[in-house]
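In what follows, a single structure is set out as structure tokens and then discussed.
All of the numbers you see were taken from the coordinates with simple rules; none came from a lab. Bear in mind the structure is a predicted one, so any value in this text is a computation, not a measurement. As a convention, Cβ positions derive from the backbone with ideal geometry for all residues, glycine included, and neighbour counts pool all protein chains shown.
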Amino acid sequence: MGTFTLSPLCVLSLFSAAIFPANLGGQRAESLREATRGRFMIGAAVTAAQLDRPETADLILKQFNHLTAEYEFMPLFMETGPGRFDFKRSDRIVDFAHLHHLPLTGHMLCWHQITPQWMFEDAEHHPLPRERALANLKLYINTVVTHFRGKLDSWNVVNEAVSDKPLEYLRDNPALRSIGIDYVQKAFEFAHAADPNVPLYYNDYNVEDQAKLPKVLRLIRSLKKEGVRLDAVGIQGHWYLDYPDSDLIDACIVTLGKEGLKVLVTELDIDVVGYEGADRYKSGIPADVLNQEAKRYASLFEIFLKHQDIIPVVTFWGLEDGQSWLNYTPRIRTNYPLLFDRRLNPKPAYHAVIDTLSRK
Ligand code: G3I
């Protein structure tokens, strides 16, 4: 198990933070990156299109000091056909990150979604023979990680491998069916072989769930036992106004920290509509709901500050409400999950986070 290592860019950002700590003597910080300085880096999931749009690029640069590619590093967009790779859009994100000295996380190398079917299955969706599937996965990871060697802060190597089903350990997906239970280990080993220096993460949602956390721990310990490089675990943070309970989140971070791992908050957003919620805020969100969201974010950042020693990065899953996946998953509805509204204006939640960070 490797100890957590930060890329040079991360070290530089945190080092500068050590000299100029965030606490401005109670003065209110003027951005998220200023308010979090000296505590943890603050990131956003971004798209190439946002970086090409001056107003969104400017807001990203003002507020954040860490980036994650929201979807353009996903396998389906990288390997457009067997052995055919297209790095145009992902390189655009890398170029922006490098130009502005921002650490960038590649998201992700292995997932059950947005992955070419032929990587693990034949035309009839039958699992490929293990050796063939392993060869496909190795070619993919080796080609992609080699292309970005030295350019990324880190990789989310495997995403959401642990099952949500009570009696099932790993999710039943094409990689598991073709390669077997060690596909997670192999993905990490292929990534490490392609770039021995890049930090490697496992990323999942609902990790704080009391039925899922033991299975995530089982996976972490199995990787550790095999000597796999695993620098951190990402808890995605797709949460709600009143769920999960803050104590569960707090306990999850502590438990993961006891494994000797850093803990990343990788995809933070607050679904204010609710999973079963109809499109009830289509015409606008009531002020009291915005205030509930502000209080929820403030309480979450209290937890992150409490564990800032093991949380190097907190990443919002998007820049502004209109970008969010929560506007179309699990169904089309108008959602308001982030800190900036559709006109890129800061919401009460933004001010609540700034106030929480500035007070400490
Ligand atoms: O906008 C492009 C369009 O230009 C292009 O022609 C088209 C080609 O298919 O793609 C369009 O982009 C879509 C993008 O969302 C828009 O933001 C992609 O198709 C679509 O795949 C992408 O979906 C992403 C989704 O994962 C894939 O399942 C979402 O952006 C992304 O927010 C979501 O994120 C996931 C994390 O990776 C894992 N955790 C859960 C989270 C939410 O599902």
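Odds and ends about this structure:
- Of all beta bridges that DSSP places with both ends in the chain, some 15 percent have antiparallel geometry.
- Each label was represented as a point 7 Å from its Cα along the Cα-to-Cβ direction; for Asn345 and Leu139 these points are 5.3 nm apart.
- Cα centre as origin, Lys/Arg/Asp/Glu Cβ charges: the range 8-359 dipole, Debye: 520 debye
- Per residue, the chain reaches -11500 deg cm²/dmol at 222 nm when only DSSP H runs of four or more residues are counted, each adding -39500 (n - 2.57).
- Rel. contact order, % - alpha carbon contacts under 8 angstrom, at least six apart, the chain: 19 percent
- Packing-based exposure ordering (other Cβ within 10 Å, fewest first) of Glu293, Glu276, Glu302: Glu276, Glu302, Glu293
- Dimensions of the chain from C-alpha coordinates, computed as largest minus smallest value along each principal axis and given longest first, are 59, 47, 41 Å.
- The simple Förster model, with R0 at 56 Å and r as the Cβ-Cβ distance, assigns Gln308 and Glu131 a FRET efficiency of 0.80.
- Additional length obtainable on full extension of the chain from Leu61 to Asp288, 0.36 nm per residue less Cα span: 78.7 nm
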